[in-house]
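Participant: Take a look at this one; I'll ask things after.
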Amino acid sequence: MLDLLHTTKTHDEARQGEAVELAPTGKADGRKLYIESYGCQMNFSDSEIVASILIDQGFETTKDYKEADVVFINTCSIRENAEQRVRNRLKEFEAAKAKNPGLVVGVLGCMAERLKSKFLEEEKLVDVVVGPDAYRDLPNLINKVEDGNKAVNVLLSREETYADISPIRLNSNGVSAFISIMRGCDNMCSFCVVPFTRGRERSRDAVSIVKEAQDLFNAGYREVTLLGQNVDSYKYTPKVEEGQEPEATINFANLLELVAQVSPELRIRFSTSHPKDITDEVLYTMAKYENICKYIHLPVQSGNSRVLELMNRTYDREWYMERVDAIRRIMPDCAISTDVITGFCTETEEEHAETLSMMDYVKYDFAYMFAYSERPGTLAAKRYEDDIPEDVKKRRLTEVVNKQQIHSLERISQYVGKVHKVLIEGFSKRSDQDYCGRNDQNTMVVFPVDPRYKVGDYVNVLGESCTSATLIGKIVD
Ligand code: SF4
């Protein structure tokens, strides 16, 4: 196994459409970049790569798109309304473009990859369309537009991981940061666009991941979240010189251990797991390290095996429940969250009821819940009719949301009366008299500010009361 820990060098996200402010590092040439991100953590992490590439080209950043020379929207394509939100947002830039005809407007991310050059036809305002694997080409594409052309690069790659690019931490609280460990996805869930918009799965070089974690720790960060569409299928085989003994392949459990060994003061989280691939080795590694947080995001999507087969999730109801049993057996205090889709093609009321009973079986801490939204180009769109009426989809979604609300309150109530190790991430949105941070189980905790402690410190908080989303407490020594 490679000694990954002792080879460091210095270096020194509210979710919807948040702008950024960055310190320029490259030879500032006065051009201003404005970038906003939509969708998943992977997209927010990619925007940090984009910022790094352009700052190295001399760009500075601005939080005000009205003073920008280049405006980028990093788009999401997971559901129809995510794309509609981007189209509406683009309209808001028309006035800025009218005032500054030289303004470069670009779309990045999954919607850009899905629509490709069609985006230019559909949205006249857009000058440049760039897919998730083509961000290194941004400086060149911007120059093309500044020369009066439109520009597109939506080539997907089997190698690109941006491992050598140090992300610029956007909207960072200086405490927690994302580290992308792999790109793309080889699963072909029939409802999902990701394999088409992010390409084939490739794992990033483990050396660069551990270095990034070490650098973040040296820079004062105390939490990293390892990101991938399916982190459990992470595998990296170190390259060796000709004739040298091949090195052992590093799987996700190995990588978790290596990052956990950076420092016991560095908390480790990760997302997203896949029920088919999550191993007992990963669970035992989590149990072995206090600084690997006891929280797993394990999308179930449906509780019925026939629907799971139509979704091409490659596991059935019993397999998923056995994985949950394993989590609870190896880490009884581990929190589990999930993703649920209601109203998938041909789903019957009985099969919907199995999703509700799965929720009763697991009692998730929280869940992302959506009605099925057919995505063009996916297997489901090609093979199955989207036959569940919208009102039925919505009624089933309401039933799932109501059940989750009850379970979230039930789960969080268990934390009342107990002491939790909390990493102070900042001030509560409600009052600057309160700190906020999350416990090991990823539950948000709010407690009165204590001048002995600052953002980035770990404190012990006694849970005193709760809502279905927040634990309220006080610092206890
Ligand atoms: S695992 Fe399935 S749902 Fe998740 S990104 Fe891959 S194809 Fe999409």
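The values are calculated or read from the model by the stated rules, or taken from the named source; none is laboratory data. Predicted model, so just to flag it, every value in this text is computed and none were measured. Neighbour counts are summed over all protein chains in view; Cβ atoms, including those assigned to glycine, are modelled from backbone coordinates with ideal geometry. Side chains are part of the model used for accessible areas, which takes the heavy atoms of the whole protein and leaves out ligands, DNA and RNA. Shrake-Rupley method; radii C 1.70, N 1.55, O 1.52, S 1.80 Å.
Participant: Given a cut-off of 27 Å, name the pairs among 294/403; 294/418; 235/418 whose C-alpha atoms lie farther apart than that in the structure shown.
Facilitator: Exceeds cut-off: 235/418.
Participant: Roughly how far apart, in whole Å, are the Cα centres of the stretch 223-242 and the stretch 107-163?
Facilitator: The two parts, judged by their Cα centres, are 26 Å apart.
Participant: Separate question: Dividing the alpha-carbon radius of gyration of the chain by 2.2 N^0.38 Å (N being the number of residues), what value is obtained?
Facilitator: Cα Rg divided by the expected 2.2 N^0.38 Å: 0.99.
Participant: Also, I was wondering about something else. Compute the accessible area per residue over the chain, keeping the other protein chains in place, probe 1.4 Å, unit Å².
Facilitator: Per-residue accessible area for the chain comes out at 42 Å².
Participant: State to the nearest 20 debye the size of the charge dipole of the stretch 419-475 about its Cα centre, where the only charges are +1 on K and R beta carbons and -1 on D and E beta carbons.
Facilitator: For the stretch 419-475, the charge dipole is close to 20 debye.
Participant: Round to a whole number: what % of the accessible area of the stretch 313-414 belongs to carbon and sulfur, probe 1.4 Å?
Facilitator: Heavy-atom surface of the stretch 313-414 belonging to carbon and sulfur, 1.4 Å probe: 57 percent.
Participant: Gap in Å between the Cα centre of the stretch 281-297 and the Cα centre of the stretch 416-451?
Facilitator: Cα centroid of the stretch 416-451 versus Cα centroid of the stretch 281-297: 22 Å apart.
Participant: Here's something else I'd like to know. Considering only Cα-Cα distances, which of the following residue pairs are longer than 22 Å: 97/118; 124/144; 32/211; 211/276?
Facilitator: 32/211; 211/276
Participant: Accessible area, 1.4 Å probe, largest first: how do 317, 222, 430 sort?
Facilitator: 430, 222, 317
Participant: Can you list residues whose amide H is under 5 Å from residue 104's amide H, if they're 5+ apart or on another chain and H is modeled 1.01 Å from N?
Facilitator: Under 5 Å from the amide H of residue 104: 70, 71.
Participant: Moving on to the next point. Keeping all protein chains in the complex and leaving out DNA, RNA and ligands, what accessible area do you get for residue 369 with a 1.4 Å probe, in Å² to the nearest 10?
Facilitator: About 40 Å², rounded to the nearest 10.
Participant: Right, something else. In nm, to one decimal, how far is the modelled label at residue 89 from the one at residue 319, with both set 7 Å along Cα→Cβ?
Facilitator: 3.5 nm
Participant: Hey, another quick one. In what sequence, largest accessible area first, do 89, 375 appear using a 1.4 Å probe?
Facilitator: From most accessible down to least: 89, 375.
Participant: Which order do 77, 431 take when ranked by solvent-accessible area (1.4 Å probe, heavy atoms of all protein chains), largest first?
Facilitator: The ordering from most to least exposed comes out as 431, 77.
Participant: If a cysteine in the chain has no other Cys Cβ under 4.7 Å from its own Cβ, put it on the list, ordered by number.
Facilitator: By the Cβ distance rule, which asks for a partner under 4.7 Å, the isolated cysteines are 40, 76, 110, 185, 293, 334, 345, 436, 466.
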